[in-house]
Amino acid sequence: MLHHKGKFGTSAFYPLDLCMSGIPACGYYGQFAFQFSITAYPVFGQEIHGLGGLFQIVQLRPMGEACALLCLNVILDINEQADLSVLLFRLAGRSGSSGDPGGKGFFGVVHTQGFQTGKPFLIRRSGGDILAALDLIAFSLQAAKQLEGSGIMLRKERQPGVPAIEEYLKQTLKRGETLGFDGRCIMQDSAEKLITQLNAQGVAVRTDIDLTGAVWKNRPELSAQPVWPLPVEYAGESSESKIKRVREFLVEKKADYFLLTSLEDIAWLLNMRGNDVESTPVILSYLLLGEKKLTWYVQEKCLSEKIKILLDMQGIKAAPYAQIYEDVKKLPEDASIYYDKSAVNTALVSSLPEKVKKIEGVNPTFLFKAKKNPVEVENERNAHIKDGVAVTKFIYWLKSQIGKTKITEISAAEQLEQFRNTQEHYVEPSFAPIIAYKEHGAIVHYSATKESDVELKPESFVLADTGGHYLEGTTDITRTIALGSLTQEEKEMYTTVLKGHIQLEMARFLQGCSGQSLDVLARTPLWEKGLDYNHGTGHGVGYLLSVHEGPNSFRYRPSVNGRNDCVFEEGMITSDEPGIYLEGKFGIRLENMIVCQKDMENDYGSFLCFDALTLVPFERSAIIAEELSTKEKEWLNKYHQKVFETIAPYLTEEEAGWLRE
C-alpha cells in the first residue's frame, strides 16, 4: 500500500491513468496488484500513442493522516472479451481486507475508446453497495451472465440514471479536491475537457504524476520486437513519397513541424512493421517531421543493422524512444507545429514551448492510409483469395466432422488457424477468434475461455468471426454456419440479416455520402420487423495494420468526435456486417470486406459502389429463397459463382464438389 502523507496537501486526491487496450506499453503481462492472479492481461501506465485507450480512475480516501492508493492500473486487453466481467468481479467483488480494491470507499472508472468498442464502463462500491455501469454493449450479455451472483449490477450507458464518465467526475469531485493523472497517458483533447470542466467547479487537476511508477516493483520493460520493412510491392507507395505528401500538407497548413504518435500512422508512413502489439503489427515509437528532417523515436534494440542502413538511406534519423519529450522542448519559439489533439498525449503538448504556434487538426496520415492505392487493393484481393480458401476449407471440415469427432469452440478456432497457416505469406491472426455456438453467438464479441468452451453439436448455428494478416493485407470475415437442422426462426433471422448485407453491398450512391447515409440499407430488413443490432454495421480495415481503422465506417449515429464520419472515397475498405442476437438462443452475423470503387458518372454527378473482397459461401440451407427479392437472388447467385470459380481451384475434389452444391 502506498501512502502519500502530506505530499498532495490535505485534499482528497484522485489519480487517473489512461491506457490503450492492448497497446501502449503493451506487452505488459503480469499479476494484478495485491496478488490477484490474473496473468493474461496486459498491464500498463505508459505513454499513449493514439490507438484509442482505456483509463481507470481510482479514488484515494483519507486514512488518518494519509491517503492510501487502493487500486493500481490493471487493464485487460479488450480482445480478451470473455474475461471482461471476470476482471470486474475480481476488481469489485471482494471486500474489506487491507489494500483490497473491493473495500468500502473504493470506486473505479474504466474508459475504452477508439480501439474496438469506444465505450466506457464504471465500477463503484460505496457503503458495501456495488454498482457496475457498462457501456460495452457488445459485451453486455456475456458480462451479465458472468456477473450473476457477484453482487454487481450491470447497467448500460445512455440508460436512465447512468451518467457519462465526465458527468460522474463532475458529480463526485468536490471543490478543493484534486484529480491527478500521468500526462503521458491521457490524450490532449480529453485532458482539456477534464481540466476545463473541473477547474470551473473548483477542482484542481494535475498532469505530472506517475503513481504506479512509484510502487510498481519489477515492472516489465517495454515490448521491443524487431522492426521489419514492408516492401513497396506490398505498400504500393514508397515512404519517401508518403513523407513528401505529408510535407506538402504542412505547407498548406503553414506548419513547420508535424508531431505524430499514432502507431498505425507511423508504421504506414515509414513502411515499417513490428510486433509490439498483439494482432496489430506496429512499433512503439514517436515521430517528429520537419521541413528537411525526420526523427523517429524508437528503441534502438528494435533496429537491426539492415534497418538502420535503410533508415539512413531514406534520411530518417533514429533517436531514443523517450528523447522526444526533451526534443520538443527545444523547438524554436517562432516555429509552428501541427498535431492531432485526439491522438497525442497531453504531456507532449505541455512540453512544447509556450510561444510555439500550435495548429490542431486531424492527422493527414489518418485519411491517407484509409484510401488504399491500386497496388494495395489488388494485394488485398489476393489476401482474400488465400483467406477464402482457408475459411472455405474450415467450413467443409466442420460440416463433415461435426457429430463424428469432438469439436469445441476453442478446438474449432485452432483448426481454422491451421488452415490459415498453410497459406503463403500468412503473418498472424488480425484479432482473437470468435467461435460462438448457439446462445454464445448472441454475445456480440464472445471469445471462448476454458471455462466457457462448449462442444459443437450437429444442430443450430455456430458464429465464426475471424481474420488474418498477410503480406498482401488484412482480412476480417464472419460466417454463421449451420451445423445441422435449423428452426424456422433461425432461417427467418438468417435470411433477414442476409437481405440487409446484400442491400448494402449492392448500393450505388453519389460521391459525398458517408456511412451514416448508407447504414440504413443494412438495417431496414431488421427494422421492418422491429429488430436491430447494437453495433455499427461496418468499420474500416488497415493494410497489415489494425483490423479496426477509421475514418470510414457504417453507423447511423455520429461518432463521438466525428473522426469516423467521413465521406466514402475510392479505395476505402470497410466491413459490411449486420447481425441479430437473440439472448439465450443464437446469434447471426454476416460479414464481408468491401472496397469502394467508381461506378459511373453522368449529369447528376459521380456515382460510387462497393465490390466484395471476401470470397466465402453463405449458408444456403439457412436461406428462405422466397423472402429474397429478384435482385437479391441475382446478386447472391453471381457472388456464389464468383466464389466457386475463384476458390475451387485451390480445394480438393471433395471440397470443390461440396462447394459446387
Discussion item. Can you divide the C-alpha Rg of segment 298-337 by 2.2 N^0.38 Å and report the result to two decimal places?
Written reply: 1.45
Practice prompt. Take peptides 410-416, 640-646, 267-273, 452-458 and line them up by average Cβ neighbours within 10 Å, highest first, as a rough protection proxy.
Written response: 267-273, 410-416, 452-458, 640-646
Discussion item. From the mean inverse distance of alpha carbon pairs (Kirkwood) and the Cα radius of gyration, derive Rg over Rh for segment 527-661.
Written reply: 1.00
Worksheet item: Hey, what's segment 399-509 come to in accessible area per residue, 1.4 Å probe, Å²?
Response: 35 Å²
Fill in: Distribution of pairwise C-alpha distances over segment 356-453, 10 Å bins, in %
12, 31, 27, 17, 8, 3, 1
Worksheet item: PRE reach from ALA656 (point 7 Å along Cα→Cβ): which of segment 387-404 fall under 19 Å by backbone N?
Response: 387-397
Worksheet item: Taking a probe of 1.4 Å, how large is the accessible area per residue of segment 227-292, in Å²?
Response: 36 Å²
Discussion item. What is the distance in Å between the Cα centroid of segment 371-436 and that of segment 294-354?
Written reply: 38 Å
Discussion item. Relative to 2.2 N^0.38 Å, what does the C-alpha radius of gyration of segment 265-304 come to as a ratio? Two decimals please.
Written reply: 1.20
Fill in: Binned Cα-Cα distances of segment 184-269, short to long, each 10 Å bin given as a whole percent
11, 25, 27, 24, 11, 1
Response to the item:
Once LYS631 and LYS355 are pulled to full extension, the length gained, defined as 0.36 nm per residue separation minus their Cα-Cα distance, is 93.2 nm
Response to the item:
Per the rule of 0.36 nm per residue minus the C-alpha distance, extending LYS301 to GLN418 adds in nm 39.0 nm
Worksheet item: Given that compact globular proteins tend to follow 2.2 N^0.38 Å, what is the ratio of the alpha-carbon Rg of segment 265-371 to that value?
Response: 1.11
Item to complete: For SER606 and GLN323, calculate 0.36 nm times their separation in residues minus their Cα-Cα distance, and state this gained length in nm to one decimal.
Response: 97.1 nm
Worksheet entry | Centre separation in Å (Cα based) which lies between segment 627-661 and segment 508-549 | 24 Å
Discussion item. So, for segment 329-397, what is the accessible surface per residue at a probe of 1.4 Å, expressed in square angstrom?
Written reply: 37 Å²
Response to the item:
Flagged as over-length at 19 Å C-alpha distance, from LYS254/LYS355; LYS242/LYS598; LYS242/LYS372, the pairs are LYS242/LYS598
Practice prompt. Arrange the peptides 256-264, 524-532, 576-584 so that the one whose residues have, on average, the most other Cβ atoms within 10 Å appears first.
Written response: 256-264, 576-584, 524-532
Item to complete: List the GluC sites (Glu not before Pro) within segment 266-332 that fall in a DSSP loop (any state other than H, G, I, E or B) and whose Cβ has at most 14 other Cβ atoms within 10 Å.
Response: GLU291
Item to complete: Provide the solvent-accessible area of TYR650, counting protein heavy atoms only and rolling a 1.4 Å probe, rounded to the nearest 10 Å².
Response: 130 Å²
Worksheet item: For segment 401-512, what class follows from the C-alpha gyration tensor (a ≥ b ≥ c being the square roots of its eigenvalues): rounded when a/c is under 1.5, otherwise prolate if a/b is larger than b/c, else oblate?
Response: oblate
Response to the item:
Any trypsin sites (Lys or Arg not before Pro) in segment 217-260 that lie in a DSSP loop and have at most 16 other Cβ atoms within 10 Å would be LYS217, LYS254
Item to complete: May I ask you to give the percent of accessible area on segment 335-407 that is carbon plus sulfur, with a probe radius of 1.4 Å?
Response: 53 percent
Worksheet item: Name the trypsin sites (Lys or Arg not before Pro) in segment 318-410 that are in a loop by DSSP and that have at most 16 other C-beta atoms within 10 Å, would you?
Response: LYS355, LYS404, LYS406
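The values are calculated or read from the model by the stated rules, or taken from the named source; none is laboratory data. Values in this document were obtained by computation on a predicted structure and should not be read as measured data. Reconstructed Cβ throughout: ideal geometry from the backbone, glycine too, with neighbour counts over all protein chains shown. Surface areas here come from the heavy atoms of the whole protein model, side chains and all, with no ligands, DNA or RNA. Shrake-Rupley method; radii C 1.70, N 1.55, O 1.52, S 1.80 Å.
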